[in-house]
């Protein structure tokens, strides 16, 4: 998306119209507003990157906790998540979220194949 925005700004600086930009970059017509807003944002702020978004910051799944969980799993891959949660004094769901979402580790079950 950043690359696309940069290309839009370069073309606009070179005097291309929004319609020409849409055609040159193969942007669908239903994203006309994206081109318009990108150019307007650049003219107002001088930047094309996204603004900081509001929202609740992570309170438990901090990088430090992620590192601890990663190290414990590295040392013992068969470690119980319940036990790890108790040791780290966080909820089981937080540990599961760190393992699945942040670390990208998924459970791989060994299955017996019958013929």
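Bear in mind that the values in this text are calculations on the coordinates, not laboratory data. Note that this is a predicted model, so its numbers are computed, not measured. Glycine also receives a Cβ, built like all others from the backbone with ideal geometry; neighbour counts cover every protein chain displayed.
Express in nm, to one decimal, how much length is gained between residue 23 and residue 44 on full extension, taking 0.36 nm for each residue of separation and deducting their alpha carbon distance. Don't jump to the answer; show the numbers that get you there.
Values: separation 21, 0.36 × 21 = 7.56 nm, distance 2.45 nm.
Going from the current span to full extension adds 5.1 nm.
Can you show me the helix-derived [θ] at 222 nm for the chain, built from DSSP H runs with n ≥ 4 at -39,500 (n - 2.57) apiece and divided by the number of residues, rounded to the nearest 500. Before the final figure, lay out each step's value.
Details: 6 runs with 60 residues, N = 115.
Rounded to the nearest 500, it is -15500 deg cm²/dmol.
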query: residue 91 to residue 67: extension gain in nm, 0.36 nm per residue of separation minus the Cα-Cα distance?
result: 7.0 nm
- line: Calculating Cα Rg over 2.2 N^0.38 Å from this structure picks out, from [x] 1.02; [y] 1.77; [z] 1.17, entry [y]
- prompt: Spin-label point model (7 Å from Cα, Cβ direction): what's the residue 10 to residue 51 distance in nm?
  reply: 2.7
- request: Compute the separation of the alpha-carbon centres of the range 86-100 and the range 42-57 and state it in Å as a whole number.
  value: 32
task: Please determine, in degrees from 0 to 90 and to the nearest 10, the orientation of helix 63-75 with respect to the longest principal axis defined by the Cα atoms of the chain, where the helix direction is its Cα long axis.
output: 50
task: Using only Cα atoms, find the angle between the long axis of helix 2-13 and the longest principal axis of the chain, and express it within 0 to 90 degrees, rounded to the nearest 10.
output: 10
field: Label-to-label distance, nm, for residues given as residue 2 and residue 34 (7 Å Cα→Cβ offset)
entry: 1.7
- prompt: Hey, what angle do you get for helix 32-45 against the long axis of the chain, alpha-carbon based, 0 to 90 degrees rounded to 10?
  reply: 90
Contact order relative to length of the chain, as percent, for alpha carbon pairs under 8 angstrom and 6 or more apart: 18
